[in-house]
1. Can you tell me, using C-alpha contacts under 8 Å and at least 6 residues apart, the relative contact order of segment 175-248 as a whole percent?
2. If I model a spin label at residue 147 and residue 229 as a point 7 Å from the Cα along the Cα→Cβ vector, what separation in nanometres do I get?
3. Could you work out the relative contact order of segment 1-104, using alpha carbon pairs under 8 angstrom and six or more residues apart, expressed as a whole percent?
4. Can you compute the modelled spin-label distance between residue 178 and residue 31, with each label point 7 Å from Cα toward Cβ, in nm?
5. Restricted to Cα positions, what overall size does the chain have along the principal axes? Three whole-Å values, descending.
6. What is the spin-label model distance, in nm, from residue 14 to residue 135 if the labels are put 7 Å beyond Cα along the C-beta direction?
7. Could you tell me the relative contact order of the chain? Use alpha-carbon pairs under 8 Å, at least six residues apart, and round to a whole percent.
8. Starting from the eigenvalues of the Cα gyration tensor, five times each then square-rooted, give me the equivalent ellipsoid semi-axes of segment 14-105, largest first, whole Å.
Ligand SMILES: *Cc1c(COP(=O)(O)O)cnc(C)c1O
């Protein structure tokens, strides 16, 4: 069953449902990695909970974004898909799209800011995408994206506000709960909310009674404000080391899903993210990027009460260059 909801834009949106997550899982079968679920006696003793960490830092291209990108491209109609896809991103969505396009034999164009890190531009090109650089201070990337998409007949795939992207991201929680059995609580980081809204669809279907809580950076708590205000609140691009969550606003698909399926949204600070990076490196031998630490930080700081509960924690990604990783941990 899909829910129809009215928006302040034009046509009613058809929200993705659990069946869409199941279709995504079938497409991703044998292609996305079923990432390991790890536990830590140290973390359990410190919090009094049973924590299950899903390691999407060990997913192909280093983050869950591969799931949604692959599902969105794979679900385009045949003729449309072959013409190619376009995205704008300087982060994990770019690499997820580039890799998914290569695997599906679909040309991928990525718009990236001129001042994006060289390593990210190189990685995206390395997966075979055409990278078009633009000046983010003088050019409107959305207008540019639409123009190139129109000229070349490409489909634009946004990083979170797209039903098939959301459904693809939901396969992460689906696999986690298949592994762990029913959970009391699921903690998921959020930027634009594609991961948390997709995971909530899977979680409520597979573990009735579960609570899903979103975690965002303190400096960029637009989702928390939106949930409390009952409408999408837009903020200035937040300053935080959690660069995967530097979004200004939730989307037209993700907001109503979060309103319906996410119980609360909490925030954590940059120093708390650094402490969590240190915990993962020292105790669990995991390299996790700052954004990937959001959900775990909420549990380890017990900002979300977890004592006595079985808790799923999604580690969303591990893409950080070693120099910045060391700089953050040395401070
Ligand atoms: C994109 C990203 C997020 C945020 O995901 P949304 O779907 O925008 O909420 C979190 N962590 C990492 C590592 C990401 O790449």
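Values in this text are rule-based calculations from the coordinates and carry no lab data. These numbers were taken from a predicted model, which means no experiment stands behind them. Cβ coordinates were reconstructed from backbone atoms using ideal geometry, including for glycine residues, and neighbour counts include every protein chain displayed.
1. This gives 30 percent for segment 175-248.
2. Placing both labels 7 Å beyond Cα along the Cβ direction yields 3.1 nm.
3. Worked out over segment 1-104, it gives 20 percent.
4. About 1.5 nm separates the two model spin labels.
5. Taking the Cα atoms of the chain, the three principal extents are 57, 48, 41 Å.
6. Rounded to a tenth, the inter-label distance reads 4.3 nm.
7. Values: 696 pairs, mean separation 68.0, N = 331.
21 percent.
8. Working: eigenvalues 192, 47, 26 Å².
For segment 14-105, the semi-axes come out at 31, 15, 11 Å.
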